[in-house]
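Taking it in order: structure first as structure tokens, then the write-up.
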Amino acid sequence: MYKITFDTPIGPLTAVEENGRLTHLCLPTVRDLPTSALEKQTPLLTQTQREIEEYFKGERKSFTLPLAPHGTPFQQKVWQALLAVPYGQTLCYGQIARLIGNPKAARAVGMACNQNPLVIVIPCHRIVGKNGQLVGYAGGVSIKQQLLNLEKHGI
């Protein structure tokens, strides 16, 4: 297991690779990271940093990284649904709940978004309250707003 930390416009991000797949991409202050991960620049972590930098430059709208986030079956289902939300668009928690076949699970979807270990790549920032209101984001609503502004306006 290897990790790197690199600077971005929303602050430093730490990427963790395990068995050739990305397991974490998060603000180090937000998520507990595996303590056994060694600092090492691997080809996958280099690719991760490059793709994230391209995203922030407005040059990348989707990612090609092999992912392996750890989570419950419900969280995995939610995270899969989030991967289908197009760049620059938003859905509400209830819409995701309906997409995964559990229409009464909007709050549980919110909790799964909160536990997302792969920010930006699994775009939980694209999920908003039912009236379009920005609610909840592990990195803070201001970072969520920055990411949405980047995707809508390229800033």
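No lab work stands behind these numbers, since they all come straight from the coordinates. Predicted model, so just to flag it, every value in this text is computed and none were measured. For neighbour counting, all protein chains shown are included, and Cβ atoms are generated from backbone atoms with ideal geometry for every residue, glycine included.
In table form, for the structure just shown:
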quantity	calculated
Full-stretch length increase - THR29, THR46 - with 0.36 nm per residue and alpha-carbon distance subtracted	4.0 nm
Disulfide-incompatible cysteines by the Cβ rule (no partner under 4.7 Å) in the chain	CYS26, CYS92
Positive dipole terminus of the chain, leading residue within GLY154, ALA37, ALA97 (C-beta point charges)	ALA97
Efficiency of FRET from Cβ geometry, GLN76 and GLU54, R₀ 30 Å, rounded to 0.05	0.70
Shape category assigned to segment 1-139 from the gyration tensor of Cα positions, a/c cut at 1.5	prolate
Ordering of 12-21, 32-41 by packing [mean C-beta count within 10 Å, highest first]	12-21, 32-41
Set of lysines near LYS3 by C-alpha distance (under 17 Å), chain-local residues within fewer than 8 positions excluded	LYS40
Shape of segment 2-56, Cα gyration tensor, a/c cut at 1.5	oblate
Contour minus Cα-Cα distance for SER36 and LYS61 (0.36 nm per residue)	5.8 nm
